[in-house]
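The values are calculated or read from the model by the stated rules, or taken from the named source; none is laboratory data. From a predicted model like this one, the values you see are computed outputs, not experimental measurements. Note that each Cβ is placed from the backbone with ideal geometry, even for glycine, and that neighbours are counted across all protein chains shown.
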Amino acid sequence: MKAAGHWAQIGESTCVWGMRLLFGVFRYGGRPLLQAFLYPVVSYYWLSHPNARQASREFWRRLAIFNGERPEHLSWRSWRHFIAFANAIIDKMAAWADALPADAVEFQGRERLLADLGRGRGALLLACHLGNPEVCRVMARRDPNVKINVLVHTKHAERFNRLLARYNPASALNLLQVTEIDAGVAMRLAEKIEQGELVVIAADRTPVGGGRIAWADFLGAPAPLPQGPFVLAGLLQCPVYGLFCINQAGRHRIIFEPFSDGLTWTRANRDAVIHAAVRRYAERLQHHCLAAPRQWFNFYDFWRVQKC
């Protein structure tokens, strides 16, 4: 089987026109119609993309061994894994269109985060591909002064912003296209923090531009994680939270988990501090993944360095 390339080339190749189509289906027929539309599409994707299917099977194999179980029914678990992803896409549409009912979302750690924002500075949120972090937009709806900036790798960030504004003019979500954390990006994000805004960055995928990584144990084996988000935490010197959003019994639980008041280091201990932060984040990611494994949406070989 041909080896998969970098995650940026495989799991998220959706074009703007495709998102526009999904928005249209959702707004026209709601969740039932979009489910009817997505389920066969996702099932076909599962059948026709052996690399993604095998990556899902490998995740379930590792999870079973980690839990002391026999790795059985891997294909069945993998297919259900993809169907869970289809439902997550529907939730994503609902979040972007502000169509999630208020009673479908509950928060953990929101008060502490708002208290930090109330001191006049923003915060850095370490997101992951577990669950559906887009649902955190509901917080901006409940707290209109909260502005959310999400770092993404897509080259279509500005077009996505226009698409979101078209379907939801009041959207407080801003997508920022970033491939690597350089001095210019850091200065731009520092301005967002100084203005009391939130900056969201994925901390569970290796860099698109081939940046530095650190190895941390995840489900019983070393996995490569990016150093960039933690370097950024040190540069911004602001409160840092882990962001986890898990669907439990039909309700979205958004968890803002305090991670650091601001990473600091000297030239001598910089690498040690960053590597320790990566390992601590991997522990928290594993904790939440074990609680909702079917919502782990990384359909590539997570335990291998990806080449772009």
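Ala88 - would you say it is modelled with pLDDT of 80 or more and under 19 Å from Arg251 (Cα atoms)?
yes
Residues Ala276, Ala272, Ala282: which one is buried (at least 17 other Cβ atoms within 10 Å of the Cβ), modelled with pLDDT of 90 or more, assigned to a helix (DSSP H, G or I) and among the hydrophobic types (A, V, I, L, M, F, W, C)?
Testing whether each residue is buried (at least 17 other Cβ atoms within 10 Å of the Cβ), modelled with pLDDT of 90 or more, assigned to a helix (DSSP H, G or I) and among the hydrophobic types (A, V, I, L, M, F, W, C) leaves just Ala282.
Quick check on the range 186-209: of everything there that is among the small types (Gly, Ala, Ser) and in a helix (DSSP H, G or I), which residue is surrounded by the fewest Cβ atoms within 10 Å (Cβ to Cβ)?
Ala186
Looking only at the range 215-226, which residues are more than 19 Å from Leu63 (Cβ to Cβ) and crowded, with 21+ Cβ neighbours inside 10 Å?
Pro226
In the range 21-80, what count of residues is obtained for those that are in contact (Cβ under 8 Å) with a residue 60 or more places away in the chain and of a type in the set (A, V, I, L, M)?
5
Go through the range 289-308 residue by residue and tally those that are crowded, with 21+ Cβ neighbours inside 10 Å and either under 17 Å from the mean Cα position of the chain (by Cα) or more than 15 Å from Pro222 (Cα to Cα) (or both).
So the count comes out to 6.
Return yes when Leu243 is closer than 21 Å to Trp60 by Cα, within 17 Å of the chain's Cα centre (by Cα) and assigned to a strand (DSSP E or B) and no when it is not.
On the way: closer than 21 Å to Trp60 by Cα: no; within 17 Å of the chain's Cα centre (by Cα): yes; assigned to a strand (DSSP E or B): yes.
Against the criterion (closer than 21 Å to Trp60 by Cα, within 17 Å of the chain's Cα centre (by Cα) and assigned to a strand (DSSP E or B)), Leu243 does not qualify.
Can you tell me how many residues in the range 183-215 are more than 18 Å from the chain's Cα centre (by Cα) and hydrophobic (A, V, I, L, M, F, W, C)?
Final tally of qualifying residues: 9.
Among the residues that make up the range 104-119, is at least one of them buried (at least 17 other Cβ atoms within 10 Å of the Cβ), hydrophobic (A, V, I, L, M, F, W, C) and not in a helix (DSSP H, G or I)?
yes
Kindly list the number of the only condition in (1) under 18 Å from the mean Cα position of the chain (by Cα); (2) surrounded by 21 or more Cβ atoms within 10 Å (Cβ to Cβ); (3) over 21 Å from Ala223 (Cβ atoms) that fails for Pro258.
Just one mismatch for Pro258, condition (2).
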